[in-house]
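Report on the following structure.
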Amino acid sequence: MPIEALQGAALIDHHCHGVVTADLDRPGFEALMSESFRPAPHGTSQFQKPLGLAIRRECAPVLDLQPLCPAQAYLDRRRALGAAEVNRRFLRASGLAALLIDTGHRSDEIAGCAEMAELAGCPAFEVVRIEAVAEEVARGGVSAQAYPQAFADRLAARAADAVGLKTIVAYRATFAIDQARPSRQAVTAAAGRWLVRSAGAEPRLDEVDVIRHGLWVAADLCRERGLPLQVHVGVGDPDIYMQACDPTRFTDFLRAMDEHGVAVTLLHNYPFQRQAAWLAEIFANVYYDVGFIMNFAAPGSDVILAEAMEMGPFFKQLYSSDAFGLAELYYLGQRSFRRALGRRLHAWLREGLCAQDDAEEIVALIAAGNARRIYGERIAAV
């Protein structure tokens, strides 16, 4: 299969975020190129890393510039075109069939589902972040005694139109926690501590038993409505303790979800892509992607996707960009994916390890087929 054939495959981006709709200055743009909470050291730039090279190489032509043009020339052209035109160009050039958007992160700064659908020219659907709903309930002034039911009611309401739920338990508590369903008494006590600590401030959920409650309420809701549960794994902001975010440490919960009949999609996974592939092999309900890191590794993303495909079933792998803020990340995500998968399949075909029909089936499954199968009727129809 020629690499070019992958260019025609429409992708379902099963995990992504909105884009910034305002024009960005250089510090604002570079902040969205980084997972750090701090800018690059004085005298350096976020363009001086693999993602920076990829933006200058791959994205410049979309803005009518020469590949590898200077960073400042790129940013000047971006501002001259305006955010709306830039966002539309990159999103519509990405070959997307649908967007499944996590709306729970900095949602007041980025485009929502309706605006993303208009910009991208394809349907956009909401994935509801569990911890964001918990924090929303806390802001409403609920008591500790009322919290467990108030949260369950609010999550059910927020998810009325959703195609999935998502947890960032790895951020907030790591996977090294008790993964069983907590008692109501434990949830109420933890909610009391959290609500007192959050009084007068923006609540940030970090009480383990409240997080566990959210996981199990979400699991019940997913089973009832036939929704997948997305789980953040591995790479992320500097508040992550990476050694405790290996998805194999979440095996008890994954096993419980297997018995519960809930599909779980492991997101990002770097540097644990091999562990994610193994979990997808042994559990009937586990799926995975290597979104996010395909952009940040850029030229090195071929190796990462190859590792993710070493043993993982093709019917368990998903495409995602995990793009946030910059429309360039949507465009780069699919470019890296198409290139890496194309090269992998080329090698297999060349060595006689698969047939043409096999290669085409693998592309169809990972690009969109698996997402259509597990995310419900509305996604199956796109």
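The values are calculated or read from the model by the stated rules, or taken from the named source; none is laboratory data. Since the structure is predicted, the reported quantities are computational estimates derived from the model, not experimental observations. Cβ: placed from backbone, ideal geometry, glycine included. Neighbour counts: every protein chain shown. These accessible areas exclude ligands, DNA and RNA; they are computed on the full protein's heavy atoms, side chains included. Shrake-Rupley method; radii C 1.70, N 1.55, O 1.52, S 1.80 Å.
Summary table
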| quantity | calculated |
| --- | --- |
| Phi to ³J(HN,Hα) by Karplus 6.51 cos²θ - 1.76 cosθ + 1.60 over region 315-320, Hz, x for Gly, Pro | 7, 10, 9, 10, 9, 8 |
| Simple label model, 7 Å out from Cα along Cβ direction - Asp252 to Ser36, nm | 3.7 nm |
| Distance (nanometres) between label positions extended 7 Å along Cα→Cβ at Ala306 and Ala176 | 3.3 nm |
| Principal-axis tilt of helix 251-260 within the chain, Cα atoms, nearest 10 degrees | 80 degrees |
| Long-range HN-HN contacts of Gly325 with modeled amide H, under 5 Å | Gly18, Val19, Val20 |
| 5 angstrom amide H check on Val264, placed H, neighbours 5+ away | Leu229, Val286, Tyr287 |
| Portion, in percent, of the accessible area of the chain that falls on carbon or sulfur, probe 1.4 Å | 52 percent |
| Separation in nanometres of the label points that stand 7 Å from Cα toward Cβ, at Gln149 and Glu118 | 4.1 nm |
| Computed [θ] at 222 nm, helices only, for the chain once each DSSP H run of length n ≥ 4 contributes -39500 (n - 2.57) | -13000 deg cm²/dmol |
| Exposure of Met311 as accessible area (Å², to 10), given a probe of 1.4 Å and all protein chains | 90 Å² |
| J(HN,Hα) series, region 79-89, from Karplus relation 6.51 cos²θ - 1.76 cosθ + 1.60, nearest Hz, glycine and proline x | 5, 5, 6, x, 4, 4, 5, 4, 4, 5, 4 |
| In region 52-155, trypsin sites (Lys or Arg not before Pro) in a DSSP loop with at most 13 other beta-carbon atoms within 10 Å | Arg106 |
| Karplus-derived HN-Hα couplings along region 42-54 (A = 6.51, B = -1.76, C = 1.60, θ = phi - 60°), whole Hz, x at Gly and Pro | 3, x, 10, 8, 5, 6, 8, 7, x, 4, x, 4, 5 |
| Per DSSP, loop GluC sites (Glu not before Pro) in region 1-97 with at most 14 further Cβ within 10 Å | Glu35 |
| Accessible area per residue in Å² at 1.4 Å probe, computed on the chain | 40 Å² |
